[in-house]
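For reference, the structure discussed in these notes is given below.
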Amino acid sequence: MIPELVVEDLTVRFAGLTALDAVGFTVAPGSVHALIGPNGAGKSTCFNVLSGVYRAASGSVRFGDAELTALRPHQIAALGVARTFQNIALSPRLSVRDNLMLGRHRLTKAGFLAAGLRLPSARREAARHGARVAEIAEFTGVGEVLDVPAGLLPYGMRKRVELARALCMEPRLLLLDEPVAGMNGGERREMAELILAIRESLGISILLVEHDMAMVMRIADAVTVLDFGRRIAHGTPAEVQRDPEVIRAYLGG
Ligand code: ADP
Ligand code: MG
């Protein structure tokens with residue numbers, strides 16, 4: 001069962017700046033929820049609070065029974081909340097396979113990477129994880145490049161690998177920070193299809209920070225719009241698209 005993610009009155013301050021001001025929204029189980037807004041609106045800050053990197057000044061983030069604002073990043077990850085970063089965070093010298101295996105680290109009992117595969121139990125566990133990694137690689141379109149160092153891949157492929165690595169954690173909630181940033185039109189459409197496929201076949205919740213309005217309109221079930229740390233609109237893609245506040249914020253009026 002995937003729980004709701006309920007964000008309430010979330011406020012985050014940096015010296016003299018309120019990056020998030022009493023923001024609230026709910027991500028329904030199994031939905032794609034988009035968090036949009038102009039540069040500096042507070043989208044990445046919100047992700048950083050949800051994943052335990054930043055502390056909230058006040059407010060709450062509930063995922064099922066857990067209060068995420070009280071937890072550290074590894075505890076949040078252990079609850080099945082996985083994220084990608086706006087700037088790619090792969091280990092460039094490691095193969096795609098090893099990057100993905102690192103993504104499974106939280107699921108391993110034996111710690112097979114550290115154990116160096118000396119124990120038969122560690123070898124069996126590694127084989128099981130290896131099979132699942134291959135499956136996820138196939139699903140995300142990186143099955144052909146499993147042995148290639150991640151740093152040698154073109155940008156669009158690295159973004160896919162990062163998504164694959166997040167999926168390797170078997171998340172219940174996936175946080176995607178600008179998954180199509182820097183991609184061309186074709187790559188954007190493919191990534192949109194992949195995100196929809198993840199929702200369809202894995203049934204997990206996806207919270208998506210995205211700049212590309214067309215992409216959001218195409219794949220989001222619900223949209224929350226931030227501007228200068230405040231929630232200015234909320235609704236279906238069609239609703240927020242014609243909201244005067246949103247139009248004003250995006251045109252910089
Ligand atoms: P977005 O992702 O919507 O573009 P951010 O969440 O990155 O916006 O930033 C929101 C505001 O908070 C910006 O004014 C940004 O400069 C500020 N900010 C973000 N992170 C920090 C930080 N670690 N220290 C100080 N200010 C920050
Ligand atoms: Mg950002």
Given charges at beta-carbon only (K, R positive; D, E negative), |dipole| of segment 91-169 in Debye: 320
Estimated FRET transfer efficiency when R0 is 45 angstrom, pair Thr18-Val148 (beta carbons, to 0.05): 0.55
About the Cα centre, charge dipole magnitude for segment 89-246 (Lys/Arg +1, Asp/Glu -1 at Cβ), debye: 900
Estimated D of segment 91-169 in µm² per second, where Rh is the Kirkwood radius over Cα pairs and Stokes-Einstein applies at 20 °C, 1.002 mPa s: 172
Gain upon complete extension [Ala197, Thr11; 0.36 nm per residue less C-alpha separation]: 63.6 nm
Highest to lowest packing among 186-198, 118-130, scored as the average C-beta count within 10 Å: 186-198, 118-130
In sequence order, calculated HN-Hα J values of segment 11-22 (Karplus, 6.51, -1.76, 1.60; Hz; x Gly/Pro): 10, 10, 10, 10, 1, x, 10, 8, 6, 9, 10, 6
Segment 1-37 and segment 185-212: distance between their alpha carbon centers, rounded to Å: 19
Packing-based exposure ordering (other Cβ within 10 Å, fewest first) of Ser44, Ser205: Ser44, Ser205
Residue-averaged 222 nm ellipticity for the chain, from DSSP H runs of 4+ at -39500 (n - 2.57), nearest 500: -11500 deg cm²/dmol
Efficiency of FRET between Arg62 and Arg242 - r from beta-carbon atoms, R0 30 angstrom, step 0.05: 0.45
HN-Hα J in Hz across segment 218-233 - Karplus 6.51, -1.76, 1.60, θ = phi - 60°, x for Gly and Pro: 6, 10, 7, 7, 9, 9, 10, 10, 10, 8, 6, x, 10, 7, 9, 7
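Every read-out reported here was derived from the displayed coordinates using simple, explicitly stated rules and does not represent laboratory data. Quantities reported herein were computed from a predicted structural model and do not represent experimental measurements. Here the Cβ is made from the backbone with ideal geometry for all residues, glycine too, and neighbour counts use every protein chain on show.
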